[in-house]
Amino acid sequence: MRTMRILRVVLVSFFFQENVFGTAIVYNGFECRSAISANDITPTDIPVQSRFEVIEDVGDGVFRLSLTGGIPRFINNNPNVCIDSATAIGYSGIPDVDGLPKRRESIDATAYFNGRELVIVVSSMFTDLSARREPLSSFNTSLILPITNTLIFQFNPQAFLFSLKKIIHNRGFTHTSGATNSIIPFRETVLPSFNEIPQDTPRILTPASSIEYTLE
């Protein structure tokens with residue numbers, strides 16, 4: 001039994017290292033009802049596939065991935081799971097090219113796999129597109145949320161599954177408001193971490209139900 005387990009790990013390690021392009025792990029679920037609330041894990045009836053696909057083997061167990069669909073959203077001590085498509089992939093845009101920022105279809109991620117554990121880091125930007133100019137030359141930018149998710153998986157060599165064990169989730173916040181006729185024309189808020197309250201710490205989340213990605 002131990003010999004077979006080691007053999008499976010070696011085979012999967014070889015598969016990742018030698019034939020990585022097009023290799024993917026996938027999880028099927030349903031889209032989250034709330035786009036922005038990390039505590040709302042109510043699913044809709046819209047099916048979504050969370051898919052991490054290898055696009056480059058950097059070497060030494062490090063890979064560049066492409067994420068489509070989103071990532072599982074859950075909270076501690078609750079078995080419900082939905083897939084966060086809005087904030088996990090987020091928005092991007094350059095005014096002269098795109099006009100307003102647009103929802104992305106995919107986003108890059110970085111992974112490390114040692115044959116037993118797989119760690120994936122995804123960083124995205126979410127905006128509520130609420131920027132506006134008011135009378136008397138006052139203005140507000142959109143609410144911008146930089147988001148980082150670190151997913152920690154354990155590889156099951158017997159079933160060829162990657163079990164999601166933890167997500168370390170952090171959400172920042174930045175916003176600017178002001179008025180051109182004010183003594184202080186700009187008021188900027190920049191918070192590296194704003195998950196529940198300003199300047200808190202990243203959330204360490206453990207799923208209460210099984211979340212398993214299959215290898216394709």
Problem set entry | Nearest-ten-degree value, helix 2-18 long axis tilted from longest Cα axis of the chain | 50 degrees
Problem set entry | Whole-percent pair-distance distribution, where bins are 10 Å wide, for the alpha carbons of region 77-145 | 16, 33, 29, 14, 7, 1, 0
Problem set entry | Alpha carbon centroid spacing (whole Å) that separates region 93-118 from region 32-90 | 12 Å
Exercise. Under a GNM of the chain (C-alpha, springs under 10 Å), which listed residue has the highest mean-square fluctuation: L164, L143, L67?
Worked result: L143
Seminar exercise, completed: In deg cm²/dmol, rounded to the nearest 500, the helical mean residue ellipticity at 222 nm of the chain, built from -39500 (n - 2.57) for every DSSP H run of length 4 or more, is -3000 deg cm²/dmol
For this session: Scale the Cα Rg of region 39-196 by the rule-of-thumb value 2.2 N^0.38 Å and send over the ratio, two decimals.
Result: 1.26
Exercise. Quick one: net charge of G69's neighbours, Cβ under 11 Å, K/R +1, D/E -1?
Worked result: -3
Problem set entry | Neighbour net charge for L145 - beta-carbon separation under 9 angstrom, K R +1, D E -1 | 0
For this session: Taking the Cα centre of region 46-139 as origin, work out the dipole magnitude from +1 charges on Lys and Arg Cβ and -1 charges on Asp and Glu Cβ, in debye rounded to 20.
Result: 340 debye
Problem set entry | Using θ = phi - 60° and Karplus 6.51 cos²θ - 1.76 cosθ + 1.60, couplings along region 166-179 (whole Hz; Gly, Pro as x) | 8, 10, 9, 10, 9, 10, x, 7, 9, 7, 10, 9, x, 8
For this session: Determine the sum of side-chain charges near V26: Lys and Arg each +1, Asp and Glu each -1, restricted to other residues whose C-beta is under 13 angstrom from that of V26.
Result: -2
Exercise. In what sequence, highest mean first, do 174-183, 120-129 appear when ranked by Cβ atoms within 10 angstrom?
Worked result: 120-129, 174-183
For this session: Note down the relative contact order for the chain as a percent, whole number, built from C-alpha pairs under 8 angstrom at least six residues apart.
Result: 17 percent
For this session: Express the relative contact order of region 26-122 as a whole percentage, based on alpha carbon pairs under 8 Å and six or more residues apart in sequence.
Result: 24 percent
Exercise. Ranked from highest to lowest mean number of other Cβ atoms within 10 Å per residue, what is the order of the peptides 79-87, 46-54, 97-105?
Worked result: 79-87, 46-54, 97-105
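Read-outs: derived from the displayed coordinates by stated rules, not from any lab. Here the structure is a predicted model, which means the values were calculated and not measured. Positions of Cβ are backbone-derived with ideal geometry, glycine not excepted, and every protein chain shown enters the neighbour counts.
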